[in-house]
Ligand SMILES: [Zn+2]
């Protein structure tokens with residue numbers, strides 16, 4: 001039995017083309033995916049149980065002999081990658097874009113997507129998104145796990161830079177491990193080819209196909225499919241809703257701590273002050289609505305992944321900054337910082353906070369913003385943030 005699956009292949013001159021990164025080394029092939037063997041005594045997933053989907057951009061050594069348990073990076077497909085998957089080389093912004101796109105496709109379901117590994121005591125599904133080496137497939141799952149009887153599994157997606165392609169392949173691989181099969185409909189995420197447009201979990205019955213030649217088949221998981229469709233057809237949207245239930249409302253508020261400038265500090269123009277904050281949230285990273293007031297007057301209102309702005313030659317006088325961030329669920333955090341700007345040539349008052357430290361844009365140190373554990377990737381992200389300098393005195 002062929003223990004691997006191609007979920008997406010280049011349409012290679014076929015109609016409509018495809019959205020693949022030509023560097024990713026895709027080629028057309030015709031594998032099929034096996035259904036998972038039944039574990040004696042195993043139970044179907046209790047309907048409507050929420051799930052975590054962990055997109056692992058960090059790669060790592062794969063373990064064998066432990067099935068496909070994501071907690072220990074176990075994979076029955078480890079041999080395809082010589083036991084190792086390299087990290088995704090894309091920068092932090094690309095990771096967030098892929099994450100956001102994946103969350104968008106899951107917005108109706110009780111699946112929470114994260115890019116940091118959940119705690120040990122949680123069940124989760126993992127898709128490793130990284131350098132799979134030379135492969136003929138865009139992504140691969142170990143099996144079709146009808147009714148998700150095996151719980152969390154590990155699957156793989158090649159390191160696409162496109163968030164549209166990446167998120168579609170992530171979701172198709174994860175969905176295979178939840179018991180969803182390929183269908184012959186280019187609009188559905190379970191189509192074995194990536195189509196040009198947006199694919200989603202569609203609320204329609206589509207023909208199940210055996211392979212990338214789109215050969216019709218009766219399918220393996222009809223105990224589920226037949227709840228919504230005739231035998232041999234699948235409604236991916238309704239199956240997702242059945243498995244995981246509706247979206248879980250996010251009621252957890254983020255936290256925000258302003259780390260620069262120092263509260264109560266004084267600065268002499270010309271100066272550039274970094275406005276930096278540490279944000280934490282159950283769904284971090286994400287785009288927060290960031291609103292800033294200066295002495296009660298709104299100064300800034302934009303979507304940002306973090307708080308990392310530059311204040312260039314602020315107006316003279318005392319400033320009271322209030323920074324408010326709102327997450328996707330509408331939960332709010334607020335923090336404030338006061339600082340004073342003196343005219344050029346002024347002397348700082350006695351016993352100032354070390355002005356060099358306060359005034360520096362901080363370079364590498366600001367990596368701590370919202371991404372404290374991530375060295376090189378965070379640096380790239382910071383540079384991206386600092387590049388957004390505007391012509392006003394804040395940036
Ligand atoms: Zn597939």
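Counting the residues of segment 266-292 that are part of a strand (DSSP E or B) and surrounded by fewer than 17 Cβ atoms within 10 Å (Cβ to Cβ) gives 2.
Being within 22 Å of residue 237 (Cα to Cα), over 20 Å from the mean Cα position of the chain (by Cα) and modelled with pLDDT of 95 or more holds for only one residue in 113, 49, and it is 49. Which of the residues that make up segment 162-182 are at pLDDT 95 or above, away from the ligand (no atom under 11 Å from the Cβ) and in a loop (DSSP other than H, G, I, E, B)? The answer is 178, 179. Residue 77 meets the conditions (1) within 23 Å of residue 35 (Cα to Cα); (2) touching a helix residue (DSSP H, G or I) at 6+ places or on another chain (Cβ under 8 Å) in every case but one. The failed one is (2).
Residue 47: in the same structural domain as residue 154 (by TED's automatic domain parsing) and not in a loop (DSSP other than H, G, I, E, B), yes or no? In short, no. Counting only residues that are crowded, with 18+ Cβ neighbours inside 10 Å and not in a loop (DSSP other than H, G, I, E, B), segment 243-257 holds 3 of them.
Got a sec? Which of 70, 40 is assigned by TED's automatic domain parsing to the domain that holds residue 217 and either under 30 Å from residue 103 (Cβ atoms) or surrounded by 20 or more Cβ atoms within 10 Å (Cβ to Cβ) (or both)?
Details: 40 fails: either under 30 Å from residue 103 (Cβ atoms) or surrounded by 20 or more Cβ atoms within 10 Å (Cβ to Cβ) (or both).
It is 70.
Answer yes or no as to whether residue 253 is in contact (Cβ under 8 Å) with a residue 24 or more places away in the chain and under 17 Å from residue 309 (Cα atoms). Criteria not met by residue 253.
In segment 294-308, the count of residues that are surrounded by 15 or more Cβ atoms within 10 Å (Cβ to Cβ), out of contact with any strand residue (DSSP E or B) (no Cβ under 8 Å at 6 or more places or on another chain) and outside the structural domain of residue 147 (by TED's automatic domain parsing) is zero. Is one or more of the residues making up segment 114-125 farther than 22 Å from residue 60 by Cβ, within 15 Å of the ligand (Cβ to nearest atom), in contact (Cβ under 8 Å) with a residue 60 or more places away in the chain and buried (at least 19 other Cβ atoms within 10 Å of the Cβ)? No; the residues of segment 114-125 include none that is farther than 22 Å from residue 60 by Cβ, within 15 Å of the ligand (Cβ to nearest atom), in contact (Cβ under 8 Å) with a residue 60 or more places away in the chain and buried (at least 19 other Cβ atoms within 10 Å of the Cβ).
Filtered by the rule that a residue be without any contact (Cβ under 8 Å) to a residue 24 or more places away in the chain and either away from the ligand (no atom under 15 Å from the Cβ) or not assigned by TED's automatic domain parsing to the domain that holds residue 128 (or both), segment 212-224 gives 218, 222. The one condition from (1) in contact with a helix residue (DSSP H, G or I) (Cβ under 9 Å, 6 or more places away or on another chain); (2) assigned to a loop (DSSP other than H, G, I, E, B); (3) surrounded by fewer than 18 Cβ atoms within 10 Å (Cβ to Cβ); (4) at pLDDT 95 or above that residue 230 does not meet is (1).
For segment 194-211, what are the residues that are within 11 Å of the ligand (Cβ to nearest atom) and either surrounded by fewer than 23 Cβ atoms within 10 Å (Cβ to Cβ) or not in a loop (DSSP other than H, G, I, E, B) (or both)?
So the first thing to find is which residues in segment 194-211 are within 11 Å of the ligand (Cβ to nearest atom), and the list is 194, 209, 211.
209, 211 - these are the residues of segment 194-211 that are within 11 Å of the ligand (Cβ to nearest atom) and either surrounded by fewer than 23 Cβ atoms within 10 Å (Cβ to Cβ) or not in a loop (DSSP other than H, G, I, E, B) (or both).
Among the residues that make up segment 130-138, is at least one of them surrounded by 15 or more Cβ atoms within 10 Å (Cβ to Cβ), in a helix (DSSP H, G or I), at pLDDT below 95 and touching a helix residue (DSSP H, G or I) at 6+ places or on another chain (Cβ under 6 Å)? Checked against the condition, which is being surrounded by 15 or more Cβ atoms within 10 Å (Cβ to Cβ), in a helix (DSSP H, G or I), at pLDDT below 95 and touching a helix residue (DSSP H, G or I) at 6+ places or on another chain (Cβ under 6 Å), segment 130-138 yields no hits at all. Candidates 159, 185: the one that is in contact with a strand residue (DSSP E or B) (Cβ under 6 Å, 6 or more places away or on another chain) and within 15 Å of the ligand (Cβ to nearest atom) is 185.
The values are calculated or read from the model by the stated rules, or taken from the named source; none is laboratory data. This is a predicted model, so every value here is computed, not measured. Here the Cβ is made from the backbone with ideal geometry for all residues, glycine too, and neighbour counts use every protein chain on show.
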